[in-house]
Amino acid sequence: MVAEAIFVVRVPEAIYQEMMAHVLAGYPDEACGALGSKGDLVVKHYPTANAAEHPDDFSIISEADIVRIFNDIDEYDGDMIYYHSHPLSEAYPSERDKEWAKRSGYLYLIFSLRHHPEPAYSRVFKIASDGGVTEGIVEVF
């Protein structure tokens, strides 16, 4: 169950298009990356390779990329948002997504490509330590 939206993630159009291109380039596998944010505003895009053992079924950012991203985000005292694609399913956290998110505390922005070649769409979620899911709003401007 998704609770009522209580937060907004504001993404500049140029960054959103970069993310869209990145997840499309990864298709039919899952693609992933990170965003740096200040408050509700996304300020930087970090596309990464999918380091999962089975990229057709899961996505993960390598430890080296995570360290690089965190170090950069620390420079501007920001926060990280994790994003990835679901090539065959809804833009909604899978059970495995929920398990990872419970440990990380990141916001999850998920693209669905299930209607490919039609355009992908995205949704953003907070996932609580108990697995509860709260949906936010992705505002592209």
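Output the number of the condition that Pro119 fails; it satisfies all remaining conditions of (1) touching a helix residue (DSSP H, G or I) at 6+ places or on another chain (Cβ under 7 Å); (2) closer than 24 Å to Tyr27 by Cα.
Here Pro119 clears every test but (1).
Six or more apart or on different chains, Cβ under 7 Å: which pairs go from a residue in the stretch 53-74 that's in a loop (DSSP other than H, G, I, E, B) to one that's among the basic types (Lys, Arg)? Could you list them?
These pairs meet every condition: Phe58/Arg96.
Any idea which residue in the stretch 117-133 is nearest to Gly39 (Cα to Cα), counting only those that are at pLDDT below 95 and surrounded by fewer than 17 Cβ atoms within 10 Å (Cβ to Cβ)?
It comes out as Ala128.
Of everything in the stretch 36-52, what is among the basic types (Lys, Arg) and either without any contact (Cβ under 8 Å) to a residue 12 or more places away in the chain or more than 23 Å from Gly26 (Cα to Cα) (or both)? Give them in sequence order.
The initial filter retains those residues of the stretch 36-52 that are among the basic types (Lys, Arg), namely 38, 44.
Answer for the stretch 36-52, where residues must be among the basic types (Lys, Arg) and either without any contact (Cβ under 8 Å) to a residue 12 or more places away in the chain or more than 23 Å from Gly26 (Cα to Cα) (or both): just Lys38.
Residue by residue through the stretch 95-113, note down the ones that are exposed (fewer than 15 other Cβ atoms within 10 Å of the Cβ) and in a loop (DSSP other than H, G, I, E, B). Can you show your working first?
Start the filter on the stretch 95-113 by keeping residues that are exposed (fewer than 15 other Cβ atoms within 10 Å of the Cβ), which leaves 95-96, 99, 102-105.
If the condition is that a residue be exposed (fewer than 15 other Cβ atoms within 10 Å of the Cβ) and in a loop (DSSP other than H, G, I, E, B), then Gly105 is the only one that fits.
Could you please find all residues in the stretch 5-52 being in contact with a helix residue (DSSP H, G or I) (Cβ under 7 Å, 6 or more places away or on another chain) and part of a loop (DSSP other than H, G, I, E, B)?
Scanning the stretch 5-52 gives Ala31, Asn50.
Please go through the stretch 126-141 and pick out each residue that is touching a residue at least 60 places away in the same chain (Cβ under 8 Å) and either among the hydrophobic types (A, V, I, L, M, F, W, C) or within 22 Å of Tyr46 (Cα to Cα) (or both). Let's see the steps before the verdict.
Filtering the stretch 126-141 down to residues touching a residue at least 60 places away in the same chain (Cβ under 8 Å) leaves 126, 132-141.
Result: Lys126, Val133, Gly136, Ile137, Val138, Glu139, Val140, Phe141.
The values are calculated or read from the model by the stated rules, or taken from the named source; none is laboratory data. Note that the coordinates shown come from a computational prediction; the quantities given were computed from them, not determined experimentally. Cβ sites come from the backbone with ideal geometry, for glycine too, and all protein chains shown count toward neighbours.
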